[in-house]
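First the structure, in the form of C-alpha cells, and then the observations on it.
Since every read-out is calculated from the coordinates, none of them should be taken as a lab result. On a predicted model such as this, the values are computed, not experimentally measured, just so you know. Here the Cβ positions follow ideal geometry from the backbone for every residue, glycine too, while neighbour counts run over all protein chains shown.
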C-alpha cells in the first residue's frame with residue numbers, strides 16, 4: 001500500500017508540474033466553483049484509446065513494457081525513459097506537427113517515463129463524467145481526428161448528464177482545432193455555450 005501511495009503522489013506531482021496553467025485553472029475551479037465545462041478532443045477511457053490507435057501486437061508489447069517497468073519501479077523507485085512516440089503514439093499529422101514544434105526547441109520533451117503507460121491506462125473520465133451534472137458540459141471533437149478518435153468524446157457524451165451538447169467539427173485533425181478556421185468554430189460554439197448557460201449579470 002505504501003508503494004502505491006508513493007507512486008500515486010509522484011505521478012500527481014509530475015502531472016501538476018508538467019501542466020502548470022491547467023493546474024492553476026483547476027485550483028480556481030475548486031476554489032470558486034465550476035459554472036460550465038468545455039471538453040475538447042478528449043480521451044474518455046485511457047485503455048480503450050491506447051488500444052484503438054495500435055495494432056493488437058503493438059498493444060500487447062506496450063502492456064508487457066508497462067508490466068516490466070512496474071517491477072523496475074518497485075525494485076528501484078525509477079521508471080525507464082522511452083521515446084515519447086513509443087508511448088504516446090501519434091498519427092502522421094500529429095507526428096509532423098510535433099517534430100516541427102520540437103525542431104527549434106532544445107527544451108522539448110522527447111522522452112517520457114514508461115510509468116506514463118499506467119497513468120494513461122488508469123485515466124477514465126467517462127467513469128465520473130456524469131457527476132458534472134447539473135453543470136452544463138460541451139464536448140467538441142472532429143471527424144478527422146486520428147490521434148484521439150471522435151468516439152472518445154461520443155462515449156463521454158453518452159454518459160454525461162444534462163445539460164450537454166456534442167459538436168463534431170468536419171475535416172480537421174487533432175491539433176488543427178487550436179488554430180485557423182477550426183479554432184474559430186470552436187470559439188463560436190464555446191461562446192454560444194457560455195452565453196446560454198453563463199449569461200452576463
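At a Förster distance of 41 Å, what's the computed FRET efficiency of residue 130 paired with residue 83, Cβ-Cβ distance as r, to 0.05?
Efficiency at R0 = 41 Å is approximately 0.65.
For a Förster distance of 30 Å, can you work out the FRET efficiency between the beta-carbons of residue 154 and residue 75, rounded to the nearest 0.05?
About 0.15, to the nearest 0.05.
Hey, what's the Kirkwood Rh for region 46-122 if you take every pair of different alpha carbons, in angstrom?
After inverting the pairwise mean of 1/r, the radius is 13.4 Å.
Based only on other Cβ atoms within 10 Å, what is the fewest-to-most ordering of 81, 138?
Fewest-to-most Cβ neighbours within 10 Å comes out as 81, 138.
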